[in-house]
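Report on one structure; see the data block that follows.
The values are calculated or read from the model by the stated rules, or taken from the named source; none is laboratory data. The model shown is predicted, which means the values in this text are computed figures rather than measured ones. FYI the Cβ positions are ideal-geometry reconstructions off the backbone, even for glycines, and counts take in every protein chain you see.
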Amino acid sequence: MKYEQSLKAGGQVDGQVIIDTTNAEALLVRKDADGGDIFTVDTALSNVLVDARLKMGTSQPFWPAVGKAAGIQFLGTAATRAGIIYDTDEGMSLVAGDNDGNGNHVVALVSGGNVLKDHDHDTFQTDPTMYFHSATDPDTDNTQYGSLRHDQTDFVIDQGLGSTKLAGGTIMNRTAVGAGAYTTLETDYIVAKTAITASGDTVTLETDTVKAGKVVIIKDESGGAATDNITIATEGAETIDGAATITISADYGVARVYSNGTNWFTF
């Protein structure tokens with residue numbers, strides 16, 4: 001069905017409607033005939049232009065998913081979709097397409113002038129990854145980026161060119177431990193012994209924390225380690241500088257250890 005005249009207010013169209021025009025702007029929606037185009041189908045640029053607020057509500061016009069409040073789906077099927085969605089329980093989600101060649105599990109923040117240029121993210125990522133690119137033209141250098149992801153074991157901060165720079169102050173996790181034995185946790189960085197049992201205490205390095213580059217600092221904050229020693233031991237067969245244990249035997253003493261993924265070493 002082809003319409004060559006304007007549709008009248010209150011009219012109804014049933015069946016297929018084809019707008020066949022040589023004009024660049026094939027369909028215009030205006031308010032009060034004032035020339036302010038609210039909705040435009042631009043055939044010259046293959047764009048749909050919306051020059052007004054686009055409201056998404058519970059009718060889910062853009063993302064027909066059960067139980068979802070509203071969203072925009074850019075591409076993909078229910079299993080491979082990518083887009084932005086709001087859910088009353090989950091909040092706002094930025095969804096990366098999860099198939100090779102269909103988003104590659106990648107979301108990239110790039111400069112407006114570099115849109116659709118090759119930022120070299122055509123390799124599928126096992127886990128959703130967020131990339132942050134500099135304003136440099138990627139055709140000149142596409143290695144100027146930082147990235148964030150969780151690899152199903154650890155949260156990973158990575159980068160291409162250069163190093164990771166922390167411009168502000170850094171607060172590391174401190175675990176206060178009173179009198180008694182203690183076994184370290186994955187979240188421990190500084191273990192602060194604020195009190196020591198009269199016979200001395202043992203801090204055990206948990207086997208699950210033996211990962212390459214893992215650092216633990218044990219500090220005598222009580223000031224009593226010269227009398228009541230703090231023994232550092234391992235939970236399993238791991239060693240510390242080749243020994244089963246090391247000892248903090250000076251008041252306000254400290255032991256710094258790191259793991260190579262198999263054993264522990266002081267530094």
Confirm whether residue 172 is in contact with a strand residue (DSSP E or B) (Cβ under 7 Å, 6 or more places away or on another chain), aliphatic (A, V, I, L, M) and outside any loop (DSSP other than H, G, I, E, B). no
Condition met for residue 196 (in contact with a Gly (Cβ under 6 Å, 6 or more places away or on another chain), among the β-branched types (Val, Ile, Thr) and farther than 19 Å from residue 172 by Cα): yes
Looking only at residues that are outside any loop (DSSP other than H, G, I, E, B) and either in contact (Cβ under 8 Å) with a residue 24 or more places away in the chain or not assigned by TED's automatic domain parsing to the domain that holds residue 192 (or both) in the range 224-244, which one is farthest from residue 196 (Cα to Cα)? 240
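To keep it simple, each residue is scored yes or no on (1) in contact with a Cys (Cβ under 9 Å, 6 or more places away or on another chain); (2) crowded, with 18+ Cβ neighbours inside 10 Å; (3) under 22 Å from residue 144 (Cβ atoms).
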site	(1), (2), (3)
83	no, yes, no
92	no, no, no
98	no, yes, no
101	no, no, no
105	no, yes, yes
109	no, no, yes
112	no, no, yes
121	no, yes, yes
130	no, no, yes
So, in the range 207-217, exactly how many residues are surrounded by fewer than 16 Cβ atoms within 10 Å (Cβ to Cβ) and under 19 Å from residue 181 (Cβ atoms)? 2
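Between 166, 148, which is at pLDDT 95 or above, hydrophobic (A, V, I, L, M, F, W, C) and either over 19 Å from residue 254 (Cβ atoms) or not assigned by TED's automatic domain parsing to the domain that holds residue 237 (or both)?
Details: 166 fails: at pLDDT 95 or above.
After ruling out the rest, the residue left standing is 148.
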